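Trainee: One structure follows; several queries about it will come next.
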Amino acid sequence: MARGWYAVHTYSGYEQKIERLVRRMMEADSDFAKVCLDVKVPFETLIETKDGVRKESKHKVLPGYILIELDLPEDETWKNYTTQIKKIQGVTGFLTATRAARPLPLSRDEMDNILRKTGEIRAEKVFKPKQNFELGETVSITDGPFSGFTGVIEEINLERNRIKVVVEIFGRPTPVEIEFGQAEKI
């Protein structure tokens with residue numbers, strides 16, 4: 001058996017519908033459930049501060065794809081299972097496969113990268129700001145003790161998810177360190 005996670009290309013916007021259909025197929029057909037072990041549409045959480053309100057939003061990690069964990073048999077019967085999946089309305093095929101060739105699973109590194117983004121595997125940095133900051137850019141501080149101040153970005157620390165912004169306090173330039181989510185571009 002060739003067990004692994006396979007990327008299946010779908011029509012955009014159909015990912016969750018196809019995930020539900022595959023789950024129903026797994027419940028209805030015990031033979032299919034022995035080969036199809038899991039299915040998911042990976043999402044990552046992005047945090048954005050807009051008008052001083054911190055808001056989380058979920059975005060698909062791989063728009064137009066779903067991930068299916070399969071344990072495909074070594075004999076020619078693997079074609080029956082992949083054909084069942086390809087026949088689902090909205091599925092266009094397996095990534096890394098031609099019509100006749102056996103699909104290839106994602107590598108361990110590729111899968112780990114996806115799972116880090118979704119938060120299923122702990123990563124050094126799960127937080128991903130919705131906006132990218134640049135040195136010298138003017139930002140408005142929207143949260144914390146310096147809320148309402150504007151300043152210029154002097155330093156960006158991606159590992160700590162923080163920026164150093166020079167604001168004017170009592171007429172003097174003062175550097176303050178804040179989290180990405182506490183500022184927004186002007």
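The values are calculated or read from the model by the stated rules, or taken from the named source; none is laboratory data. Bear in mind that the values here come from a model prediction, so they are computed numbers and not experimental data. Please note: Cβ atoms are built from the backbone with ideal geometry, for glycine as well, and neighbour counts cover all protein chains shown. Surface accessibility is based on the protein's heavy atoms, side chains included, excluding ligands, DNA and RNA. Shrake-Rupley method; radii C 1.70, N 1.55, O 1.52, S 1.80 Å.
Trainee: Looking only at residues that are open to solvent by 40 Å² or more (accessible area, probe 1.4 Å) and closer than 26 Å to TYR65 by Cα in the stretch 128-143, which one is modelled with the highest pLDDT?
Mentor: Taking the candidates together, the pick is ASN132.
Trainee: What do you reckon, is GLY93 under 28 Å from GLU44 (Cα atoms) and either modelled with pLDDT under 90 or among the polar types (S, T, N, Q) (or both)?
Mentor: no
Trainee: OK, next. Would you say THR45 is among the polar types (S, T, N, Q), under 30 Å from ASP143 (Cβ atoms) and surrounded by 14 or more Cβ atoms within 10 Å (Cβ to Cβ)?
Mentor: yes
Trainee: Under 6 Å between Cβ atoms, which residue pairs at least 6 apart in sequence (or on different chains) link something in the stretch 139-164 that is within 9 Å of ALA183 (Cβ to Cβ) with a partner that is assigned to a loop (DSSP other than H, G, I, E, B)?
Mentor: So the pair list comes out as SER140/ILE186; ILE141/SER147; ILE141/PHE149; THR142/GLY52; ILE153/PHE133; ILE153/LEU135; ILE153/GLU137; ILE163/PHE133.
Trainee: A further question follows. Quick test of your reading of the structure: GLU177 fulfils all but one of (1) open to solvent by 50 Å² or more (accessible area, probe 1.4 Å); (2) assigned to a strand (DSSP E or B); (3) farther than 20 Å from ARG54 by Cβ. Name the failing condition by number.
Mentor: (3)
Trainee: Now for a different question. With the requirement that a residue be at pLDDT below 85, open to solvent by 70 Å² or more (accessible area, probe 1.4 Å) and either in contact with a Pro (Cβ under 7 Å, 6 or more places away or on another chain) or not aliphatic (A, V, I, L, M) (or both), what does the stretch 96-115 give you?
Mentor: Selection gives THR96, THR98, ARG99.
Trainee: So ILE68 passes all but one of these: (1) under 19 Å from ARG3 (Cβ atoms); (2) more than 26 Å from the chain's Cα centre (by Cα). Which condition number does it fail?
Mentor: (2)
Trainee: When you scan the stretch 49-58, do you find a residue that is surrounded by fewer than 15 Cβ atoms within 10 Å (Cβ to Cβ), under 23 Å from ASP31 (Cα atoms) and not aromatic (Phe, Trp, Tyr), even just one?
Mentor: No, that holds for no residue.
Trainee: Right, next: Looking at (1) modelled with pLDDT under 90; (2) open to solvent by 40 Å² or more (accessible area, probe 1.4 Å); (3) part of a helix (DSSP H, G or I), which is the one condition that is false for LYS125?
Mentor: The one condition LYS125 does not meet is (3).
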